[in-house]
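Heads up, the thing below is written out as structure tokens.
Since every read-out is calculated from the coordinates, none of them should be taken as a lab result. Given the structure is predicted, the values throughout are model-derived calculations rather than measurements. Cβ: placed from backbone, ideal geometry, glycine included. Neighbour counts: every protein chain shown.
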Amino acid sequence: MNDDRAKDPSRDAKRARGTDDAPRGSEDGSSHGSAGRSEVDATTDPTSARSAGGEAEPTTDLPVDAGPASEASVAPGDSVDFRDRWLRAEADLQNYRRRAQRDADESRRSAEDRLLREVIEVLDDLDRALEVAPQDAKKTAPQAASDDRWLTGVNLVAGKIRELLARAGVTPIEALGRPFDPHEHEALLEVEAPQGSAPGDVVNVVRPGYRRGDRVLRPARVVVARARVEAG
């Protein structure tokens, strides 16, 4: 037996290589297998790839920006607020227009009233001129004719002015014999009530008054009667 082993040294060498190669092969196979499994796990599970030492891309589920259209979208509550603001602005505009029109009408009416008062003053002068016109019976015929022509011309001018005032809506205030009205009359003095007049009545008109529509253009200057004082 010993002689056979000695005669075949190649068999012993093969056995020695077999025993040495077997563990090496098992170690290589196990290392290759683990490497393959780690590569597969890295491709399928990002967490395993990070544990393996690699930097994986973070995966998030954030919505993608939709651009300007999404920014311009208005909530229903905002649209109601915009409508309310628009209605308020429209109401303010209408009020401003009415106020401006009313102010313009008032300014025009005030300017017309000032002009009409000046015309009335001219009429007052003409009436006073007619009141003091000479009425002398001793005048000669030429003088009387001249005075008549003068009076006729003044009366004609005064009549034209009265027609102008009437077309503008100006009418005289009836004051004589009426109760005193502080809205239409301006009292200059008081006198004892004459026969047939009650206290508080207008007994004399110093300057006639005028109204335009429902507004007093110029109050009448009047003399008012007061109660009689009984002698003791």
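The table that follows gives values for the structure above.
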{"item": "Residues being exposed (fewer than 14 other Cβ atoms within 10 Å of the Cβ), out of contact with any strand residue (DSSP E or B) (no Cβ under 9 Å at 6 or more places or on another chain) and over 23 Å from ASP214 (Cβ atoms) - total across segment 158-193", "result": "2"}
{"item": "Hits in segment 213-229 - residues which are closer than 30 Å to ARG109 by Cα and surrounded by 18 or more Cβ atoms within 10 Å (Cβ to Cβ)", "result": "LEU217, ARG218, PRO219, ALA220, VAL222"}
{"item": "Candidate set: segment 160-171, residues that are within 42 Å of the chain's Cα centre (by Cα) and not basic (Lys, Arg); chosen: the one nearest to ASN204 (Cα to Cα)", "result": "THR171"}
{"item": "Selection from segment 175-191 of residues that are in contact (Cβ under 8 Å) with a residue 12 or more places away in the chain and part of a loop (DSSP other than H, G, I, E, B)", "result": "ALA175, LEU176, GLY177, ARG178, PHE180, HIS183, GLU184"}
